[in-house]
Amino acid sequence: MRILLLLAAVAAVSQAQTDCSQGACYPPSDDLLQGRAHQLHASSTCGLTGSEVYCTPYQQRRMKCCPCDSRNPNSQLAHTIQDALSTSGPDRWWQSRKELNPVTLQLDLDNLFQLDNLVLSFKGPRPSAFVIERTLDNGKTWQPALYLATDCQKAFPGVPTATPLTLDQTYCHTLAPTGANPYQDHIIHFSPLHQYAYAPGTTSQKIENMSGLTGLRVRLTELGNVPRLPGRPLSRFYALKEMRVMGSCMCHGHANRCLPQAHNNLLPNRIQVNPQCDCQHNTAGVNCERCADLYNNLPWRPAEEGNTHTCQRCECNNHAQRCHFDRAVYEASGRRSGGVCEGCMHHTTGPKCDQCAPGYQPNPQSRMDRPDACIRCICSAEGTVNGGRCEDSQGSCQCKVNVEGPRCDRCKRGYYGLSASNPLGCSKCSCSPDGSLSDVCDSVTGQCPCRSHFHGLTCDACSKGYWKPYLSGRCEPCGCDPTRSYSDTCDQVSGQCQCRPSFGGRTCSECADNTYGDSLLGCQPCRCDAEGTLPQVCNKQTGACLCRPGVTGSRCDSCSRGHCDSFPACETCPSCYFTLDGQRKNLSLALERLSPSYPSRPGGDVDLGNFGPRIRTLEANLKLIRDSISLPPTIARQVDDALFQLNKLRDQVDKVYNDLSPLERTPGLDSELDKLRALLNSLTVEYKSRKDALDNSISPSNTGEFTAIKDAYDESTDAAKKVDASGNKVKESADVREEAEDLQNEVQPANTRDLDKLKQDMASRPDLTPAAKQVCGSVRSKPCTPLQCEGGELCPPEGTPPCKKEGKCVGALPLSKRANADAKDVKDRLDKLTNKITEAAEKLQQTQEATNQVRQSAEKLSNRMKQTRDELEEDLQETRDVVKELRDFLSEPSSNLTHIQEVSDWILKAKLPLGLSTLKRKLEELKNLAASLPDSTAVLNEAEPQLDTARRLLQEAQNARDTAVGVKADVDGLLLGFGSVEGSLSDLEDKLQESMDLISKLNSSLTKANEQLSPAEMALDEVSTLIKPMKPQLDELKDLLQTGGQQAQNAQDYADKADDEAAAANKDLLSLEEQLDRLKDLAPGESGGEAGPVGDRLVKLQQDAGALANTTEHMMKALEGKADSLRMLQDEITQKSAKLEGLDAKLKEILEKLRKKARDHSTCQG
């Protein structure tokens, strides 16, 4: 009972896993290694480099040693990783090299799969420790899925050994002891779901988190222990008898099967588990990892138990083919809808295609989910606020501020320039109030109506020959002088005419700038400094210079008071100047007031009123001395004291002037003044001496000259010091000169003798002729020395033709010239070669394209041949069935003769689409065409090496060209290089020509093959066309036979019934005959009255019996005739069937040839 419940539960789970309507569903598992043997790799394999011997236990305390040689993977001694597959056969296993740690087995799946179970069947000593790892990023990173070891703490310290209770934990599984024989087979099972059986979470969550992988790796980290036997030690190695990776395509619970791989169902090593899922729940993608194009209204999620998480269709009102999920829209809707439609059609727009596009309005006669939901709107897109949309179903338009009209297609009065980029629609007219007749402009161009002599878009400019004075509201004529100006046009703002030379003024009727006088009598140049004048330079009538502010003088060539003496800049003096100048003016005014009212000293000759001027003079002189020269500190103090005394004296004078009577005098004033004068005189003497020493150059206006003189004095002083210091150098130079003369007198005679001897030697040597021959290729034979070189030029003159390529070339210069010519020649040939290489490359590319085209045509023809073959086989089988049915029908004894006659008449009257001879001829043509069909495999196989040869020749040509371009060496090496380059260029050109010939030949072959493929396609079309009309007739005959069979059955029933009735009738007839005999016997003895009626009846019965016998006889004869006809018809049908069988055999032969061609085309490689 428990077993039955368990089986029921397993069946329920299996049904739940394959039923996608209730929740998550998963495809069945199969071996992921099948068809992927080339994607399984081992880091170590025994015998790859040579034979290796491995010793293992044999019986009791014995051993056997066997070799491993994997150099030939198909050898019985080979143990490659592919031998661990379940399809490798018996007695095959993978084996690593001896004593090697660690060893890795890695399966690269390249796609996402779901792992259900891993089975490792170890042969030989089981590993003591290994790790199973998986990757989700195609091998970039690896995560451990399970640790296994006999001693987990030792092999993997820190890894837990308890069963994991959460999905993020890994653990180490302790392996069971191997027992007495470690070389016996051991099987390890690993299932991610079983490993996390006690972890919380649903099965779908565990599959999502723990079963997915794009690659699997087994790291064997520790070799297993082996027993010790006397003699040779046993070998330690890793060996795997079988490896199974059971899994399926990863579909996230949205598919219950993996789609089979196309075009590999007939291959023996086909892939069992394809990565493509047969997605359900409106999902898409290889792994159903996304929602289908139009089903993104909710976020994609993996399916769970009891919840399919089916992708929801976006509400696009049947106006879109696809949509995308928008998280912001989803959150804003309260997590109810996040789909945004893409590519809305039928003139709709919006996230749900529920609005009409700009320029369209809802169709009142339709619904929003229909193709005619939106019709064109009459609103202007430029003049409406919503881009041409209509406000309601009535088609009303919402115009922009400056737009009007039922369609919002025109500007309001006073506005112009309707534009979609203008938020107001139109711009306001900006007509000039002076030049325009009104403030209304053209609604399209914006042109304002202008007054006379005005023009422009806004009428703000004067016409030609007029100008507008400042603050004037009208245009006035320019008034240019017709003879002194170039035209009657003037500047619109200033009214200035374009004057001819020597004329100026606004109307060109005056003298030009910088001249004055009468323009008719002749203008004179202004005598002014142009740097100090205004632009007019001088008055046009008087010639008086017009000075700039800060400049003065009759020629405007000096700075005015209050400006620094820095013409022409004439910068304003600093503020301290104006302060001192104001004080000076106040003091002058006070002294002037004091001087006339001061009384004369009583009893003296000096007038008291002269004190003021004397004090001012003293003060002015002291200031001049102090400001003009640099005084010593003592003198400066004396000057300051004097100024102080003068100030004090001036105060006393003011006091006297204010307090004393006119007749009173202050005693001692004369003596004080005398002292001051004496001091002034001494200071004046000092001042004059200083001034004379500086050549009277110190003044307020020549400070620069004083500085220049001072600098010159300093330079002359330095020069004098240098001259004084150079006296010793001159003396030393004289001594050196004297020593040099003495040395010359000692050495010069010997040098003179040596020079004379050298001159004599240079008259006879060295001979420059050999050197000239080596340098410039001289043909001179006479000697040539530096002092004597007669008999022609040493080197050939300019214009001498260079040495020929075939002849001998002597001299560096001729060699270099020839090398230059050769280099130029090689360069030209390289350029031509480059063009040829480019042309060959283009031809090669065209050939490659033609090859691909032929391959595609061959594949297309192969597919069509396969399709035609299938159709022919189907038609032949149907024909065989019809013929067999016909034979059965004809040979059936119970068949209705009338229906047999009907079928026979139909067959005799039936006309095939073509005669037997025509069909034979077409089949023979198809056979010949199949025989003459080019072997595309051979053509393409022949084309491939030719293409490779062409590519290789092109590469050699390019390499040789690069080598020739890169030749840079000495002259001799360069010439040798050019020689080799010329040879290689010739060879290269030959190879290139050969390559181009190959390409041309290949192109012709491909063209021929392509041309021959076309008739094959046409022949297939003709065969299909010929066979197609036969199918309706076969169907008709089949229906007729089925009807005949049914009628034959009915006839059989009727015959049986008739037979029964005939038997009953026969009995009745016998009884009647007996009664008739008795009646005949009784007839003579009866009375005549009664004999009349009875006799009549007997006679009538006898006549009826005779008629019945005659009818029966006629029917039998007719049946015999029909039987003969049926026999003849059966014979004729049998003969035609035999002929059809012969045609069937021929057609089979042709189909077999077509299959062979199809296989050739399907397996050829380009």
statement: A careful count of residues in the stretch 535-566 that are in contact with a helix residue (DSSP H, G or I) (Cβ under 7 Å, 6 or more places away or on another chain) and open to solvent by 30 Å² or more (accessible area, probe 1.4 Å) gives 3
- line: Scanning the stretch 474-485 for residues that are open to solvent by 40 Å² or more (accessible area, probe 1.4 Å) and within 21 Å of S432 (Cα to Cα), the one modelled with the lowest pLDDT turns out to be R474
message: Out of D460, D488, I need the residue that is over 30 Å from Y516 (Cβ atoms) and either open to solvent by 40 Å² or more (accessible area, probe 1.4 Å) or touching a residue at least 40 places away in the same chain (Cβ under 8 Å) (or both). Which one?
response: D460
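Yes or no, residue by residue, for (1) farther than 30 Å from P814 by Cβ; (2) at pLDDT 75 or above; (3) loosely packed, with under 10 Cβ neighbours inside 10 Å:
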{"site": "P766", "(1), (2), (3)": "no, yes, no"}
{"site": "P783", "(1), (2), (3)": "no, yes, no"}
{"site": "L787", "(1), (2), (3)": "no, no, no"}
{"site": "E798", "(1), (2), (3)": "no, no, yes"}
task: Output the number of the condition that R232 fails; it satisfies all remaining conditions of (1) open to solvent by 60 Å² or more (accessible area, probe 1.4 Å); (2) of a type in the set (K, R); (3) closer than 28 Å to L120 by Cα.
output: (3)
message: Please go through the stretch 312-328 and give me each residue that is under 19 Å from T349 (Cα atoms) and crowded, with 17+ Cβ neighbours inside 10 Å, ordered by number.
response: C314, E315, C316, N317, H319, A320, C323, F325
query: Failed condition for I375, given (1) within 23 Å of Q321 (Cβ to Cβ); (2) open to solvent by less than 30 Å² (accessible area, probe 1.4 Å); (3) among the β-branched types (V, I, T), with all others met?
result: (2)
query: Does the stretch 444-463 contain at least one residue that is among the small types (G, A, S), at pLDDT 90 or above, under 30 Å from Q398 (Cβ atoms) and assigned to a loop (DSSP other than H, G, I, E, B)?
result: yes
query: How many residues does the stretch 57-78 hold that are open to solvent by 10 Å² or more (accessible area, probe 1.4 Å) and at pLDDT 85 or above?
result: 12
- request: Keeping to the stretch 508-534, report how many residues are touching a Gly at 6+ places or on another chain (Cβ under 9 Å), open to solvent by 70 Å² or more (accessible area, probe 1.4 Å) and under 16 Å from T552 (Cβ atoms).
  value: 1
- prompt: What number of residues within the stretch 279-296 satisfy the criterion of being open to solvent by 30 Å² or more (accessible area, probe 1.4 Å) and within 27 Å of the chain's Cα centre (by Cα)?
  reply: 4
- line: Conditions (1) surrounded by 20 or more Cβ atoms within 10 Å (Cβ to Cβ); (2) modelled with pLDDT of 90 or more; (3) over 47 Å from the mean Cα position of the chain (by Cα) -> G215 fails only (3)
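Just checking, does the stretch 255-269 include any residue being more than 30 Å from G89 (Cα to Cα) and modelled with pLDDT under 95?
Looking through the stretch 255-269, at least one residue is more than 30 Å from G89 (Cα to Cα) and modelled with pLDDT under 95.
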Condition met for Y470 (aromatic (F, W, Y) and not in a loop (DSSP other than H, G, I, E, B)): no
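The values are calculated or read from the model by the stated rules, or taken from the named source; none is laboratory data. Predicted, not measured: the structure shown is a model, and the values here were computed from it. Methodologically, a virtual Cβ is constructed for each residue, glycine included, from the backbone with ideal geometry; neighbour enumeration extends over all protein chains shown. Areas reflect the complete protein model, heavy atoms only, side chains present, ligands, DNA and RNA absent. Shrake-Rupley method; radii C 1.70, N 1.55, O 1.52, S 1.80 Å.
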